[in-house]
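Heads up, the thing below is written out as structure tokens.
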Amino acid sequence: MYHTPSLGRSDDSAVDSSSVPGTPSDMSMFAQAYSIPADSLDMGALPERVGTPQPSRYHMALPDILHPETASSVPIRTICCIGAGYVGGPTAAVIALHNPHIRVVVVDRDQRRIDAWKSRHLPIHEPGLEDVVRIARDGAAETRRRGDSPTGDTMDAARQPNLFFSTACIETIKIADMCLISVNTPTKTRGVGAGRATDMAALEGACRDIAMHAKAGCVLVEKSTVPCKTGQLIKDIMEAHRPGVVFPVLSNPEFLSEGTAIRDLMQPDRVVIGCESTISGHRAAAALANLYAAWVPRSRIAPIGIWSSELCKLAANAMLAQRISSINSISAICERTDADVGEIAKSIGLDPRIGPQFLKAGLGFGGSCFRKDIASLTYLAESLGLPEVAAYWQQVLTMNDFQRDRFARHVIATLNNSLRGKKVAILGYAFKKNTGDARESPALDVIRILLEEGPKSITIYDPLCSEADIKRELSVLERDYAVSMPSGPVEVVSDPYTACANSNAVLILTDWDMFKNSKPVTQSSKPVTIAQTYDGATPTDVLHLTPRIERVTINKPPTPPRTPKLSPLAPELNTRLLPEPSCPADCTVCRSSSSAGMSAETDTTTPIDWATISKTVREPRWVFDGRGVLDARAMVGMGFRLETLGRASMY
Ligand code: NAD
Ligand code: UGA
């Protein structure tokens, strides 16, 4: 039985407040308030559509969120997306792409980030992002399509730009019908709950701006990952500044992964929309659902209660991370028993109840979210008086730390317990492949442990993380040691061969395809369309995923055939793109790319030549594979000594 909550003061609730629990301010009351009596559960009555909230006997009068007519009462012409980061930028771009009649303005206080979004050099790397931004931000020309219809050629109308980037936060909020709040929600570093609770400063700041300047009725959408009950906090901020004005609050957590953000946004497994059970809540949810319905089948849109929606995001990340820690715990056993964690993951994953995803053993999860979201969950559990639950999830983090700690200590032990006078090469800094995001990479922990041994040098190569980003991340270690050259031993270089030359050990810390020594699996050249994977009809022709060759400059030998990248645009649309904004003559990004011998679009899939590397590393040619990307037989054949997480040492 579906049961949507009501947020604090009920503006237009269709329910009798005496029979439906309101939102208690005390967290511990929350669990009680939402326990549904067993006798009210009707197990026989299954919902018509997956995720569709079924009207309870209390909620018969509430409008259907998934019905397009419900959306018509909340017209959306302008959307303000607050936060131009990894979520805000790509999400706004995809919404704009599919809703050309809506003006989408992404605002951020960070002038440099906004400038980058407006330029040729987007601030984040995501396969396919550039194409989506190009068409929504820059528009497209009118074109003739030959012989498409029985009557002859068809004309595709010109497309006007409808995606904008700006630092004018207040001015944009003032005209918005909907605000997507996509600001950062990191872990608190000081004060109550430091290290675990969520730092809500950015979210509060954005909400205050909205409260003071938004039009009455503006729909507020939590896209940031937030602790359960943040909807109430937002309502309270609104009420404090604009008493009596209705601002519907929705939770619409984002499930995209970095590196596949555009694919995830184009083909989401589900779009969760959490709302309160009021008429305005359902109407607002319908308006948001309608935006997504421009490209997502309505059967994949799941309206749920706002608290469930907030909590389901934390739970989803916690459960994904838990799988990684589970397989990593097994990898430690494998190393002491001659079992192979790759074989175990494969055989476990064949059980359809378990499935193959997120069973790749390695250095553990990094990135800006898993750790902070589990920390937030443990803090929530403790606040609710559930220490056993908190301890359960804490163990997922403990296992994650254990994994990179024992990897780094194994490297040191293998190199005779000393790194004095030795060079360590690090291939890969990003927390996972296909992203230039250097935040919270496992590499940082590994480097921290290596630095304790006073190595002569640590040379890092990553195809996408910028030197500035890596150095900024490493700067947290400066408290204990001089880290970056010239005063410290760490250097970031722009090609893998320089990184590895004369090294005593090569460490693979990111699963980039280019570090593999087996043949990469080539993508099918047959275009894949979303219409083929979805049951619903695709409303536009921009959803084709077609291989397209990137401009590429490789730094060193060899040059095997390049892997085509996926473009979300149909080939004919690529020809309609209008010219990109041009760079100023002194553009620093253009200058640094050309001086490093790299194109702005760097090749990340062409395999490096391990045979060449084998001739330049020091004997006995140690390679430590922290991501399980190397084929052991081939590496040993080239004279390397290979150590892999999750497999017993060969030496
Ligand atoms: P980010 O740090 O890349 O971007 C956040 C942006 O918000 C920054 O550019 C910051 O300057 C801006 N900002 C903060 N306060 C502002 C204000 N008051 N006005 C205007 N701009 C403001 O963060 P992100 O990685 O995009 O993550 C955003 C949220 O989405 C987080 O809650 C995160 O947990 C969640 N999330 C992230 C991912 C991911 O892959 N990165 C995936 C799903 C969910
Ligand atoms: C993750 C989730 O997958 C997204 O659904 C979620 O939206 C996002 O967090 C978020 O909330 O920020 P992301 O962190 O971008 O996405 O990347 P993942 O693919 O989940 O990888 C996370 C980390 O786990 C990486 O360091 C990766 O190398 C590691 N990992 C992943 C493994 O070690 N083994 C695996 O089998 C899978």
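A short reminder: the numbers here are calculations on the coordinates, not readings from a lab. The model shown is predicted, which means the values in this text are computed figures rather than measured ones. In this analysis, Cβ positions are derived from the backbone assuming ideal geometry, glycine residues included, and neighbour counts consider all displayed protein chains.
Which of the helices (runs of 4 or more DSSP H) found entirely inside segment 219-331 contain at least 2 residues meeting this: closer than 20 Å to Ser72 by Cβ?
Ranges flagged: 279-292.
Do any residues in segment 327-345 that are within 22 Å of Asp401 (Cβ to Cβ) have Cβ atoms under 6 Å from those of residues that are loosely packed, with under 15 Cβ neighbours inside 10 Å, where the two are at least six apart or on different chains, and which pairs are they?
Taking only residues 6 or more apart or on different chains, the pairs are Glu335/Ala648.
Provide a single number: the residues in segment 376-398 that are within 30 Å of Gly454 (Cβ to Cβ) and acidic (Asp, Glu). First the steps, then the outcome.
Kept after step one, since they are within 30 Å of Gly454 (Cβ to Cβ), are these residues of segment 376-398: 397-398.
This time we only want the ones that are acidic (Asp, Glu), so: none.
Final tally of qualifying residues: 0.
Would you point out which residue out of Phe365, Phe358 is surrounded by 20 or more Cβ atoms within 10 Å (Cβ to Cβ), within 7 Å of ligand 2 (Cβ to nearest atom), part of a loop (DSSP other than H, G, I, E, B) and touching a residue at least 24 places away in the same chain (Cβ under 8 Å)?
Being surrounded by 20 or more Cβ atoms within 10 Å (Cβ to Cβ), within 7 Å of ligand 2 (Cβ to nearest atom), part of a loop (DSSP other than H, G, I, E, B) and touching a residue at least 24 places away in the same chain (Cβ under 8 Å) holds for just one of Phe365, Phe358, which is Phe365.
Which of the residues that make up segment 210-231 are under 26 Å from the mean Cα position of the chain (by Cα) and surrounded by fewer than 18 Cβ atoms within 10 Å (Cβ to Cβ)?
If the condition is that a residue be under 26 Å from the mean Cα position of the chain (by Cα) and surrounded by fewer than 18 Cβ atoms within 10 Å (Cβ to Cβ), then no residue fits.
Residue pairs, Cβ under 9 Å, 6 or more apart or interchain, first in segment 495-518 and on the phi > 0 side of the Ramachandran plot, second assigned to a loop (DSSP other than H, G, I, E, B) and basic (Lys, Arg). List them.
Asn502/Arg618
So, in segment 446-467, exactly how many residues are within 15 Å of ligand 2 (Cβ to nearest atom), within 25 Å of Thr185 (Cα to Cα) and without any contact (Cβ under 8 Å) to a residue 60 or more places away in the chain?
Count: 1.
Scan Asp373, Asp405, Asp401 and give me the residue that is assigned to a helix (DSSP H, G or I) and over 30 Å from Pro455 (Cβ atoms).
Only one candidate qualifies: Asp373.
Which one of these is within 17 Å of the chain's Cα centre (by Cα), of a type outside the set (Lys, Arg) and more than 14 Å from ligand 1 (Cβ to nearest atom): Ile102, Ile95?
Sole residue among the options that is within 17 Å of the chain's Cα centre (by Cα), of a type outside the set (Lys, Arg) and more than 14 Å from ligand 1 (Cβ to nearest atom): Ile95.
Output the residues belonging to segment 80-120 that are over 15 Å from Val183 (Cα atoms), among the hydrophobic types (A, V, I, L, M, F, W, C) and either part of a loop (DSSP other than H, G, I, E, B) or touching a Lys or Arg at 6+ places or on another chain (Cβ under 9 Å) (or both).
Ala93, Ala96, Ile102, Trp117
Against the condition on the phi < 0 side of the Ramachandran plot, part of a strand (DSSP E or B) and either surrounded by 18 or more Cβ atoms within 10 Å (Cβ to Cβ) or charged (D, E, K, R) (or both), how does Ile412 come out, does it pass?
Criteria not met by Ile412.
Residues are listed down the side, and each one gets a yes or a no for (1) at positive phi; (2) crowded, with 22+ Cβ neighbours inside 10 Å; (3) in a loop (DSSP other than H, G, I, E, B):
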position	(1), (2), (3)
Phe165	no, yes, no
Glu171	no, no, no
Lys174	no, no, no
Ala194	no, no, yes
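I'm checking my understanding of the structure. Among residues of segment 263-283 that are more than 16 Å from ligand 1 (Cβ to nearest atom) and buried (at least 24 other Cβ atoms within 10 Å of the Cβ), which one is farthest from Thr91 (Cα to Cα)?
Ser277
Using the structure shown, decide if Val219 is within 24 Å of His101 (Cα to Cα) and among the β-branched types (Val, Ile, Thr).
So Val219 fits the description; yes.
Could you tell me which numbered condition Thr260 fails, if it satisfies all but one of (1) away from ligand 1 (no atom under 16 Å from the Cβ); (2) in contact (Cβ under 8 Å) with a residue 12 or more places away in the chain?
(1)
From the set of residues in segment 235-255 that are buried (at least 19 other Cβ atoms within 10 Å of the Cβ) and within 19 Å of Asp373 (Cβ to Cβ), which is nearest to ligand 1 (Cβ to nearest atom)?
Glu254
For residues that are more than 19 Å from the chain's Cα centre (by Cα) and closer than 24 Å to Ile333 by Cα, tally how many sit in segment 353-386.
Residues in segment 353-386 being more than 19 Å from the chain's Cα centre (by Cα) and closer than 24 Å to Ile333 by Cα: 6 in total.
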